[in-house]
1. For the charge dipole of the chain, defined by +1 on Lys and Arg C-beta atoms and -1 on Asp and Glu C-beta atoms about the Cα centroid, which residue among Ser255, Leu245, Ala138 has the Cα displaced farthest towards the positive pole?
2. Taking the DSSP beta bridges in the range 148-283 as the whole, what percent of them are antiparallel, to the nearest 5?
3. Using a simple charge model, +1 on the beta-carbon of Lys and Arg, -1 on the beta-carbon of Asp and Glu, nothing else, what dipole does the chain show about its Cα centre, in debye to the nearest 20?
4. Estimate the FRET efficiency between Asp265 and Thr216 by the formula 1/(1 + (r/R0)^6), using the beta-carbon distance for r and 35 Å for R0, to the nearest 0.05.
5. Hey, what do the phi angles of the range 27-35 turn into as Karplus ³J(HN,Hα) couplings, whole Hz, using 6.51/-1.76/1.60 and θ = phi - 60°, x for Gly and Pro?
6. With an 8 Å cut-off on Cα pairs and a minimum separation of 6 or more residues, tell me the relative contact order of the range 279-355 in percent.
7. Quick check: from the Cα gyration tensor, does the range 149-212 come out rounded (a/c under 1.5), prolate or oblate?
8. With a sphere of radius 15 Å drawn around the Cβ of Pro11, what net charge do the other residues whose Cβ falls strictly inside it have (Lys, Arg +1; Asp, Glu -1)?
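Read-outs throughout are calculated quantities, based only on the coordinates presented, and are distinct from any laboratory measurement. Here the structure is a predicted model, which means the values were calculated and not measured. Neighbour counts are summed over all protein chains in view; Cβ atoms, including those assigned to glycine, are modelled from backbone coordinates with ideal geometry.
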Amino acid sequence: MIYFDHNATAPVMREAREAWLAATENISGNPSSPHGIGNRAHVALKEAREKLAHFLGCHANDIIWMSGATEANNTVMHHFAKTLDTKAEVWISSIEHPCVHESAKYYFGKRAKLIPVTHDGVIDFDWLTAELADTRPALVGVMAANNETGVIQPWREILAICQSYEVPFFTDAVQWLGKMPAKDLGQCDFVTGAAHKFGGPRGIGFLKIPHKSKITPLLVGGKQEQGVRAGTENIPIILSMLAALEAREKQIGHSQHLLRGIWRDNFEKKLLKDLPGMTIVGANSPRLWNTVSALMPDGAQLKWLTKLDKAGFAVSTGSACTTGKEEPSHVLAAMHFKAAEAHRVLRFSAGWETTESDWDALVKALTKIHEEIHGKA
Ligand code: PLP
């Protein structure tokens, strides 16, 4: 099976497995315990925090371990809901992951305002600039890169404009981390990430908070994580996440050709030639090197998925699936695609281990299936 669904979850890297095993065997204590074994766990946790802070460019105390990005994103919304007055608004992009979208809606209702995006899937920067000149929301939230389209958002520019108006800026960096350099993300007030998207284990992520800030916890109980997140820290998966991120940061440093998306671009060129009538979603925007969102010329998503699965390719539609029935993607709707078009979109998301010949094999399989759908084969 050739795996093209890394934006959903990526295989656990060797480095991450080894770090998990070593920590499980050697670090048995609770980091809050007042003895040598506990202290050993405490030191391991401290070092992991320092390492992540180094990659992001922030202070180690700004890092809070979380069970994943869903918890981290919910914690951000919950914190603002608890601390803001009842009129304050939060502005989030209309293409955020459901765990941002739904939690913003849950806590703020109509006071969660959606920042529009262009047909190419980038937030409407002119809209944001004009609105900020007029009104001050309590928070602006825009993801670093979109999970469905791979479109990169101008988070550095958004951060700069938010800083100029003293509005806190939050970025969900789940799809960015491990694919692009983490450097500078730490300048954002709130940053979230999840290990399983870059080769770490499932069930671990983090929240980066503003320096020396007081955050209202979502989970209450023990005073772990400076009182921001109750519950005994899971040291093996934290160390495993850091081992994966460290390995990815090294790969990023050595793989400038891949980061330019050369294989992705060649794949798209071949696909556009072989499948007349298909469109690349977000084609005119800067995109992650690993992601292609393709509006197929014909055939429903499920038909393509089943045929690709049979042919040995795991791909995705990218949008949330409820009870086996695909809802039209809110991301594609925000980009002004019609529901009928959204139902023809497939997402191919490669990983670090994907080869150029894997991309080629995928084009061939898609071309063959396209011919079958047309009754030519
Ligand atoms: N944010 C983005 C952009 C994502 O792609 C995902 C997962 O697909 C999440 C948040 C949620 O991550 P998790 O399911 O690990 O909590």
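1. It is Leu245, whose Cα lies furthest towards the positive end.
2. 50
3. About 380 debye.
4. 0.20
5. Result, rounded to whole Hz: 10, 9, x, 8, x, 8, 6, x, 9.
6. Taking the mean separation of contacting Cα pairs over the length of the range 279-355, I get 40 percent.
7. oblate
8. Result for the neighbourhood of Pro11: +1.
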